[in-house]
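The values are calculated or read from the model by the stated rules, or taken from the named source; none is laboratory data. Quick caveat: nothing in here was measured; it's all calculated off a predicted structure. Every residue, glycine as well, gets a Cβ built from its backbone with ideal geometry; the counts of neighbours run over all protein chains shown. The accessibility values were calculated without ligands, DNA or RNA, using every heavy atom of the protein model including side chains. Shrake-Rupley method; radii C 1.70, N 1.55, O 1.52, S 1.80 Å.
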There are 2 protein chains.
Amino acid sequence: MKGHIPKSQLIMGIHTLQHLLAHAPERLVHVFAEQSVGKGRKSELIDLCHKRKIPVSLLSFDALTHMVTSDSHQSFVAQVRPRECVALKDFLKNSEEKETGLVLMLDQIFDPQNFGALLRCAECFGVDAVVFSKNRGADLTPVVAKTSCGASEIVPLIPVSNLADAVLHFQEAGFEAVATTLEAPSENLYETKFGMKTLLILGSEGEGIQPLIQKRADRRVYLPMRGKIDSLNVAQACSVLLFAVGFAPTIRTTSL
Amino acid sequence: MKGHIPKSQLIMGIHTLQHLLAHAPERLVHVFAEQSVGKGRKSELIDLCHKRKIPVSLLSFDALTHMVTSDSHQSFVAQVRPRECVALKDFLKNSEEKETGLVLMLDQIFDPQNFGALLRCAECFGVDAVVFSKNRGADLTPVVAKTSCGASEIVPLIPVSNLADAVLHFQEAGFEAVATTLEAPSENLYETKFGMKTLLILGSEGEGIQPLIQKRADRRVYLPMRGKIDSLNVAQACSVLLFAVGFAPTIRTTSL
């Protein structure tokens, strides 16, 4: 049976499993652990699965590696229920009554490690959802789940066919679309004030954001770097951007 | 000869070498490249060394690995001139005439990857210097140089014997010492305004900041997390903190 589980329904890694057990145990269908899992944190995890009545099967290290096509599973793989992704239409309908909103849109993030790290940032800063392309970007694989520390299973996800069209729908729903770029002539992030509903758009380190999306955005901002070398990595930049958006209501409150 | 180069005078990795060639070529004494380095970016790097009159020796992959005790050298190792670290006394003397100052103090960062990532953040945000313990933390190794993308060779470094004493010296010189913690009752970073001279103190993910240093700090701040899972990694948190400190003068300017 386990040979037939699609990759999108498999997660791996100790932290990922820990976070799912703590915050979304209902997502877990079946846990696969390495036979030789010893005492300590690892056996505690198995005990916890038993307590939550989640079936556990013991397999060899290699069998786990085969399931997820990766040997960085840390002795734990799990089958999860298929994600219930959010439809864009439903999300926007729900957001109508809310005063604030913060959505992260990821464009052309092909590297699964970066995709995972960005989902983790998004979860830490409590974004309402992450929008990404169904076709042009990394898939939701066990590697993504692991790098995200399980955030991929917790943060609301909105996969769409066309990101540029999605930007228009967000704008119609009262969101300001803010594209992040690498340098001027965009607005300096230190001088930017964000509105109450923000769609923050981030591209990959290499490719950036597609021109059409950049063009459709209401504003373009950049984070000025003050050193000599490379810019921050994409997840560090994302953390700063999400923090800066969250700062906006504080500034507003202070100046009123 | 190369067997006698201390690790602290070796760097490795393509990006590290690129950045040093671009921003601090005078630091490079000798470059060691893999014999089979082919066309493209790698041979361009060697050409650039020749242009800058930096001697290049070709070695086997294994010989490079042996030099740096790591196989992630990406075919490039280099001997650098010993770092001229800054003496705390001299740094504080120089800062007397300046109106602003931003110094990052790292406490108990034992993981070389984290140490490197933090130095990269520090360089990107243009801190004036990084202070760290000579004894209680990661050493300046080739791994640190690589993870920092060469920032370890560019950002001014102040190694000290006793961090807690260094805090006092900074305070005497007009710096506000701000310790970062994980949660309340510290000040919420979103509501914090920083002064013009800040010593930002960051601890490791596991250990945090030593109690004496926390106690000596003028203020303690935390970055509130809004999600369910783990906090950000230490370099992501550091990026946000350095951004927030840099924000302070902007806020001040705006409200005047």
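Got a number for residues in the stretch B:1-53 being part of a helix (DSSP H, G or I) and hydrophobic (A, V, I, L, M, F, W, C)? Selection size over the stretch B:1-53: 9. Against the numbered list (1) within 14 Å of chain B (Cβ to nearest Cβ); (2) open to solvent by less than 20 Å² (accessible area, probe 1.4 Å); (3) hydrophobic (A, V, I, L, M, F, W, C), A:A78 comes up short only at (1). When B:E176, B:E205, B:E153 are screened for being in contact with a strand residue (DSSP E or B) (Cβ under 8 Å, 6 or more places away or on another chain), modelled with pLDDT under 90 and acidic (D, E), only B:E153 passes. For the stretch A:9-26, the condition holds for at least one residue, the condition being that it is farther than 16 Å from A:S148 by Cβ and out of contact with any His (no Cβ under 6 Å at 6 or more places or on another chain). Residues in the stretch B:124-150 that are at pLDDT 90 or above and closer than 21 Å to B:L92 by Cβ: B:F125, B:G126, B:V127, B:D128, B:A129, B:V130, B:V131, B:F132, B:S133.
Taken over the stretch A:207-230, the residue count meeting the criterion of being within 14 Å of another protein chain (Cβ to nearest Cβ) and open to solvent by 50 Å² or more (accessible area, probe 1.4 Å) is 4.
Which of the residues that make up the stretch B:8-48 are of a type in the set (D, E, K, R) and buried (at least 16 other Cβ atoms within 10 Å of the Cβ)? Working first, answer last.
Applying the first criterion (of a type in the set (D, E, K, R)) to the stretch B:8-48 yields B:26-27, B:34, B:39, B:41-42, B:44, B:47.
If the condition is that a residue be of a type in the set (D, E, K, R) and buried (at least 16 other Cβ atoms within 10 Å of the Cβ), then B:R27, B:E34, B:K42 are the ones that fit.
Any residue that is within 14 Å of chain A (Cβ to nearest Cβ) and either of a type in the set (D, E, K, R) or touching a Leu at 6+ places or on another chain (Cβ under 6 Å) (or both) - is there at least one of those in the stretch B:133-146? Give the derivation first.
Step one: filter the stretch B:133-146 for residues within 14 Å of chain A (Cβ to nearest Cβ), giving B:145-146.
Checking the rest, the ones that are also either of a type in the set (D, E, K, R) or touching a Leu at 6+ places or on another chain (Cβ under 6 Å) (or both) come to B:146.
Yes.
Got a number for residues in the stretch A:174-191 being surrounded by fewer than 19 Cβ atoms within 10 Å (Cβ to Cβ), in contact with a helix residue (DSSP H, G or I) (Cβ under 9 Å, 6 or more places away or on another chain) and part of a loop (DSSP other than H, G, I, E, B)? Within the stretch A:174-191, residues that are surrounded by fewer than 19 Cβ atoms within 10 Å (Cβ to Cβ), in contact with a helix residue (DSSP H, G or I) (Cβ under 9 Å, 6 or more places away or on another chain) and part of a loop (DSSP other than H, G, I, E, B) number 1. Only residues that are aliphatic (A, V, I, L, M) and over 25 Å from B:E84 (Cα atoms) were counted in the stretch B:19-44, giving 2. A residue that is farther than 21 Å from B:I109 by Cα and either part of a strand (DSSP E or B) or modelled with pLDDT of 90 or more (or both) cannot be found anywhere in the stretch B:221-233.
On the stretch given as the stretch A:181-191, residues that are under 24 Å from the mean Cα position of the chain (by Cα) and either over 30 Å from A:E97 (Cα atoms) or of a type in the set (V, I, T) (or both) total 2.
Kindly provide the set of residues from the stretch A:245-256 that are at pLDDT 75 or above and more than 7 Å from chain B (Cβ to nearest Cβ), ordered by number. Reasoning before the result, please.
Here is the first cut: in the stretch A:245-256, the ones at pLDDT 75 or above are A:245-246.
Of everything in the stretch A:245-256, just one residue is at pLDDT 75 or above and more than 7 Å from chain B (Cβ to nearest Cβ), namely A:V245.
Residue-wise test of (1) closer than 22 Å to B:V155 by Cβ; (2) in contact with a strand residue (DSSP E or B) (Cβ under 6 Å, 6 or more places away or on another chain).
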position	(1), (2)
B:G13	yes, no
B:T16	yes, no
B:A24	yes, no
B:L28	yes, yes
B:V31	yes, yes
B:D47	no, no
B:H50	no, no
B:F61	no, yes
B:M67	no, yes
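For the stretch A:61-73, enumerate the residues that are surrounded by fewer than 18 Cβ atoms within 10 Å (Cβ to Cβ) and in contact with a His (Cβ under 9 Å, 6 or more places away or on another chain). Matches in the stretch A:61-73: A:F61, A:T65.
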